[in-house]
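The structure appears below as structure tokens.
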Amino acid sequence: MNKRLLIALVLSFFVLTIYGYFVPTKAPVANDKNATTVASKQEAKTKAAPIVNSSEKVTKSDIKAPVASDSKIIATVETKKYTLKIDSLGRFDSVILKEKKYKTDDGKPLDIIAKNTIKPLEVRFKDSNINNIAFKNEYTATVKNIDASSTKATITLEQDLGSFKLKKIITFYPEGHYDLKVETTKDAKYFITPGFRPTVDKSMYLVVRGVIIRDANGVVTTLEKGDVKDVKTFNNAVVAAAVDRYYATLFFKKSGIFRATVAPSGIKGYEEEPIAFIQVDSKDELKGYVGPKEWKLFSSLDKKLEDIIEFGWFTFLARPFFKIMYAIYNFVGNWGWAIIIFTILVKLILFPLSYKGLMSMQKLKDLAPKMKEIREKYGKDPAKMNQQMMNLYRKHGANPMGGCLPMLLQIPIFFALYRVLLNADELQGAPWIGWITDLSRQDPYFILPILMGITMYIQQKITPNTMTDPMQQKIFQWLPVIMTFFFLTFPAGLVLYWLVNNILTIAQQYYINIAYEKYKQKLKEAKKSE
């Protein structure tokens with residue numbers, strides 16, 4: 001039973017990670033006009049906020065406009081976290097991160113704003129005539145260079161639209177967030193966007209890339225490629241974010257709500273991916289952020305922003321796991337050792353259950369010959385065979401389900417940790433020892449994956465095996481090789497967790513083997529004394 005569960009664990013791992021790596025899936029989208037929920041592909045609890053009535057519903061044409069080509073830069077903003085450039089259409093044209101760990105594969109500074117996409121603070125008017133003017137007339141800026149690296153600084157952008165003017169007043173803060181006040185000199189319905197999602201992460205891991213909406217009731221909706229066929233509007237949104245694996249550009253409110261509209265972007269190459277706009281009648285005040293999804297910063301800005309760090313199906317486990325690991329990291333100062341210590345803690349907590357389960361497996365191993373005899377003798381009478389099996393278990397104090405619970409508990413724990421180690425920005429550029437200089441990237445010399453395969457083989461050899469099916473035995477024998485192959489390109493932090501877990505399991509199995517031998521010796525001595 002224990003072996004079968006381990007195979008099930010590995011197969012589940014392949015389904016959720018390997019299959020997702022090569023064949024990204026799409027979630028179905030509700031088509032019912034009166035639907036009040038939208039299924040999220042990654043989060044079972046996710047529901048959408050109520051959609052507006054059809055009479056109020058925004059159409060695609062309301063926000064449709066050509067993606068403007070690169071415009072000239074009218075202002076540059078320096079914060080502690082990035083260098084941001086504002087173009088002549090009043091948008092964030094580029095955001096180049098300053099921290100050394102944020103770099104491209106060829107070592108250049110990382111710009112998280114994609115070219116030829118819909119950029120942050122881009123405005124679309126409901127009146128198409130005004131929209132056309134807005135994409136021709138340039139903004140003016142009150143200053144050309146702003147230093148917000150140590151204290152907040154404000155810039156005002158203004159655009160003349162003929163019959164009225166639009167003004168954006170932006171106050172930047174050193175940590176990368178900003179306050180945005182948008183107003184017009186006369187009433188005009190328009191939309192402003194946090195921008196299209198960052199396209200920095202090119203990996204094929206099963207991570208969220210798209211739009212995340214959080215409403216005032218705490219309901220989180222995740223929308224990715226293909227999830228939005230028509231316009232969807234959320235009346236009581238408090239966070240609207242465009243995200244990829246590590247980065248986000250977003251609007252939020254600490255108090256109050258706004259109406260967020262999500263539609264297919266129509267951007268070349270990303271046509272089916274969603275884009276979010278905030279609907280404004282004449283003026284509004286928002287808070288915004290662009291940069292890495294840093295948990296500590298999000299927590300300090302507004303607890304609601306923590307929901308933008310998406311951990312998938314096992315978020316209820318992943319989020320507390322991450323917080324515990326973060327606390328350990330703050331104590332030891334190294335993410336690699338934090339992963340190791342956390343793995344040890346998990347193993348210690350599960351040890352009482354593992355001990356009982358593995359002792360039961362040892363008993364089943366010894367009973368395997370007698371179990372085979374019963375199957376051969378009563379194979380044609382399943383009821384009789386099961387009765388004899390239960391009598392055998394009862395007589396020797398063996399529990400056929402004893403090894404299940406520890407293994408079942410490890411499945412959600414593993415996948416929760418998988419999502420944490422795959423999505424946590426904090427692991428980017430985080431070294432462990434020696435050759436491991438970035439736990440978010442693969443081991444450059446494949447040392448950890450190979451060691452993991454070796455420990456998995458050793459674990460396999462010393463663990464009780466009750467398998468009699470030749471096919472199961474062959475599959476199980478090849479698991480270390482298969483797992484090593486797939487782990488070659490996995491983040492070093494995830495491989496480190498699996499390696500440490502294997503080492504601890506080997507130590508645990510040796511201890512249980514010794515304890516079981518002592519148990520059998522006591523039984524022999526008890527029989528002799530009778």
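Do any trypsin sites (Lys or Arg not before Pro) in the range 266-319 lie in a DSSP loop with no more than 15 other beta carbon atoms within 10 Å, and if so, which? In loop regions of the range 266-319 (DSSP not H, G, I, E or B), the sparsely surrounded trypsin sites (Lys or Arg not before Pro) are Lys268. Ranking of Arg259, Arg214 by solvent-accessible surface, largest first: Arg259, Arg214 (1.4 Å probe, protein heavy atoms only, all chains present). Across the range 326-336, computed HN-Hα scalar couplings (Karplus, 6.51 cos²θ - 1.76 cosθ + 1.60, θ = phi - 60°) run 5, 5, 5, 4, 4, 7, 9, x, 8, 5, x Hz from first to last residue, x flagging Gly and Pro. Which trypsin sites (Lys or Arg not before Pro) from the range 346-447 combine a DSSP loop assignment with at most 12 other Cβ atoms within 10 Å? Within the range 346-447, the qualifying trypsin sites (Lys or Arg not before Pro) (loop, at most 12 other Cβ atoms within 10 Å) are Lys380.
Solvent-accessible area of Thr437, all protein chains in place: 90 Å² (probe radius 1.4 Å, heavy atoms, ligands and nucleic acids excluded).
Annotation note: trypsin sites (Lys or Arg not before Pro) in the range 74-159 located in DSSP loop regions with a Cβ neighbour count of at most 12 within 10 Å are Lys100, Lys115, Lys136, Lys144. Stokes-Einstein D for the range 114-203 at 20 °C, 1.002 mPa s, Kirkwood Rh over Cα pairs, in µm²/s? The diffusion coefficient I find is 145 µm²/s.
Given contacts defined as C-alpha pairs under 8 Å and at least six residues apart, what's the relative contact order of the range 333-448, whole-number percent? About 31 percent, as a whole number. Taking a straight Cα-Cα cut-off under 18 Å and skipping sequence neighbours fewer than 8 places away in the same chain, the aspartates and glutamates within cross-link reach of Lys528 are Glu517.
Based on the Kirkwood approach, the hydrodynamic radius assigned to the range 68-158 is 14.3 Å, with every pair of different Cα atoms included. The Cα center of the range 226-263 and the Cα center of the range 490-517 differ in position by 43 Å.
Rg and Dmax over the alpha-carbon atoms of the range 271-311 stand at 13.3, 37 Å. Could you state the number of Å between the C-alpha centres of the range 151-167 and the range 331-384? Here the answer is 66 Å between Cα centres.
The overall shape of the range 200-256, judged from the alpha-carbon gyration tensor, is oblate: a/c is not under 1.5, and a/b is no greater than b/c. Cross-link check: pairs Lys380/Lys524; Lys103/Lys296; Lys115/Lys253; Lys98/Lys253 evaluated at a Cα-Cα cut-off of 31 Å; pairs beyond the cut-off: Lys380/Lys524. With R₀ fixed at 35 Å, the C-beta to C-beta distance from Ile169 to Phe316 puts the FRET efficiency at about 0.30.
Panel note: the C-alpha atoms of the range 181-324, placed on their principal axes, show extents of 51, 35, 24 Å (largest first). By the equivalent-ellipsoid construction on the alpha carbon gyration tensor, the range 242-395 comes out with semi-axes of 55, 25, 14 Å, ordered largest to smallest. Residues whose amide H comes within less than 5 Å of that of Thr193, counting only those at least five positions distant or on another chain, are Leu121, Glu122, Ile278 (H built at 1.01 Å from N in the peptide plane).
The values are calculated or read from the model by the stated rules, or taken from the named source; none is laboratory data. Source: prediction; values computed, not measured. No Cβ is skipped: glycine too gets one built from the backbone with ideal geometry, and neighbour counts run over all protein chains shown. Keep in mind that these areas ignore ligands, DNA and RNA; they rest on the heavy atoms of the full protein, side chains included. Shrake-Rupley method; radii C 1.70, N 1.55, O 1.52, S 1.80 Å.
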